[in-house]
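The values are calculated or read from the model by the stated rules, or taken from the named source; none is laboratory data. Given the structure is predicted, the values throughout are model-derived calculations rather than measurements. With ideal geometry, Cβ positions are generated from the backbone for all residues, glycine too; neighbour counts draw on all protein chains shown. Surface areas here come from the heavy atoms of the whole protein model, side chains and all, with no ligands, DNA or RNA. Shrake-Rupley method; radii C 1.70, N 1.55, O 1.52, S 1.80 Å.
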Amino acid sequence: MVEESLRRELGPLFACREEDGRVVIVTPLEYPDGDLMEFYLIQDAEGLVVTDLAETVATLAAYRFDVESTPKRRKLFEGVLQAQGVHWFRGELRLLVESEREIAPAVIRLSQAALRTTDLLFTARFGAGTTFKEDVEEYLVEHEIPYQADYKTTGRSGQTYTVDFYIERKRQPILMQTLSTGAPSYAEQLVSRAVRMWYDLRRINGRFAYTTLLDDCEKVWTKEHLEILESLSELVVWSERHRLLDLTGVEPKG
């Protein structure tokens with residue numbers, strides 16, 4: 001049975017069941033609204049396909065987020081698909097498999113594609129044509145602050161993190177993570193991820209200073225969010241972004 005094979009190959013955190021003539025694969029990964037990601041093994045005109053049946057984009061739509069709304073956003077999305085070899089068809093994330101032994105690896109790749117796609121919400125500026133991360137990068141360029149985007153580093157647990165910005169300065173370099181969302185329910189997840197990352201990285205050594213840059217254009221952050229972020233990092237809000245110049249030692253332009 002396909003279900004038994006998938007349970008064996010994917011492990012106990014994944015669940016499988018047959019429903020309406022297709023196999024439903026429930027992953028341990030969550031969408032921003034807390035629902036578990038589910039994928040479906042179906043037979044169609046192309047052959048055997050693992051698909052999300054457009055649930056990923058439907059979830060993003062609930063947050064007013066469209067992966068095709070701007071060229072930059074589309075480019076980011078296409079990069080996610082290309083990295084995992086996933087196809088985009090009528091709103092679905094899909095992978096064609098030629099044999100049963102390819103199903104489990106396809107589920108893993110589709111899981112990563114769905115997770116990375118929903119992660120685009122991390123930097124979303126709702127109702128704007130750019131992402132918050134892009135606005136921050138433009139600010140760094142404008143003020144000639146030396147930086148590297150998407151800096152990879154490893155925490156004490158062994159997990160590798162991609163931090164939004166590495167900022168060079170004479171004393172400790174800064175690792176800076178940006179947080180932005182228009183959805184209060186997603187703000188909690190963003191803060192939780194940032195807290196886990198900062199806690200894990202701080203256990204390594206004192207090589208870096210840590211900064212969280214919060215988009216305060218949307219009133220979704222609670223007092224508790226601010227307090228816990230401040231306990232692990234230097235907290236800067238976008239409306240007071242001039243503070244970044246003090247932190248980096250760069251003279252204001254103009």
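For the stretch 195-254 and the stretch 41-57, what is the separation of their C-alpha centers, rounded to whole Å?
After rounding, the separation between the Cα centres reads 41 Å.
Would you mind working out the magnitude of the charge dipole of the chain relative to its Cα centre, with +1 at each Lys and Arg C-beta and -1 at each Asp and Glu C-beta, to the nearest 20 Debye?
Taking the Cα centre of the chain as origin, the dipole is about 960 debye.
Which one of T117, T27, T160 has the biggest mean-square fluctuation once the chain is modelled by GNM with Cα springs under 10 Å?
With Cα springs under 10 Å in the chain, the top fluctuation among T117, T27, T160 is at T160.
Calculate the radius of gyration of the Cα atoms of the chain to one decimal place, then report Dmax, the largest Cα-Cα distance, as a whole number, both in Å.
Considering the chain through its Cα atoms, Rg and Dmax are 20.3, 69 Å.
Which value, in Å², gives the accessible area per residue of the stretch 2-55 when a 1.4 Å probe is used on the protein heavy atoms?
51
Over the chain, what relative contact order in percent results from Cα pairs under 8 Å that are six or more residues apart?
Working: 400 pairs, mean separation 32.1, N = 254.
Taking the mean separation of contacting Cα pairs over the length of the chain, I get 13 percent.
Binning at 5 angstrom from zero up to the longest distance, how are the C-alpha pair distances of the stretch 137-254 distributed in percent?
Cα pair-distance distribution for the stretch 137-254, in percent: 2, 11, 22, 25, 19, 14, 6, 1, 0.
Grab the alpha carbons of the stretch 1-59, take their convex hull, and tell me the volume per residue in Å³. Don't skip to the end; give the middle numbers.
Numbers: hull volume 5.4 nm³, N = 59.
Per residue, the Cα convex hull of the stretch 1-59 comes to 91 Å³.
Nearest 0.05, what FRET efficiency do Q159 and D20 give at R0 = 35 Å with Cβ-Cβ as r?
0.40
Mean separation of Cα pairs under 8 Å and 6+ residues apart, divided by the residue count of the stretch 78-193: what relative contact order is that in percent? Mind dumping the intermediate values first?
Values: 124 pairs, mean separation 20.9, N = 116.
Relative contact order here is 18 percent.
Could you rank the peptides 202-211, 51-60 by their average count of other C-beta atoms within 10 Å per residue, with the highest value first? Before the final figure, lay out each step's value.
On the way: 202-211: 14.2, 51-60: 18.9.
Per-residue Cβ counts within 10 Å, averaged per peptide and sorted highest first, yield 51-60, 202-211.
With the cut-off at 20 Å, report for the stretch 1-134 the share of all Cα pairs above it, as a whole percent.
Here the tail beyond 20 Å accounts for 44 percent of pairs.
From the C-alpha coordinates alone, can you work out the Kirkwood hydrodynamic radius of the stretch 204-254, in Å?
On the way: mean 1/r = 0.0809 Å⁻¹.
This gives a value of 12.4 Å.
Can you find, among T27, P105, G91, the residue sitting farthest towards the positive end of the charge dipole of the stretch 1-125, where Lys and Arg contribute +1 and Asp and Glu -1 at Cβ?
Projecting each Cα onto the dipole axis, the largest value belongs to G91.
Determine the principal axes of the Cα atoms in the stretch 69-164, then give the extent along each, sorted from largest to smallest and rounded to whole angstroms.
54, 38, 17
Dipole of the stretch 112-254, Cα-centred, from +1 at each Lys and Arg C-beta and -1 at each Asp and Glu C-beta, to the nearest 20 debye? Don't skip to the answer; put the middle values down first.
Values: 18 positive and 22 negative charges, 129 e Å.
Rounded to the nearest 20 debye, it is 620 debye.
Could I have the simple spin-label model distance between E46 and Y199, label points 7 Å from Cα toward Cβ, reported in nm to one decimal?
Spacing of the two 7 Å Cα→Cβ label points: 4.0 nm.
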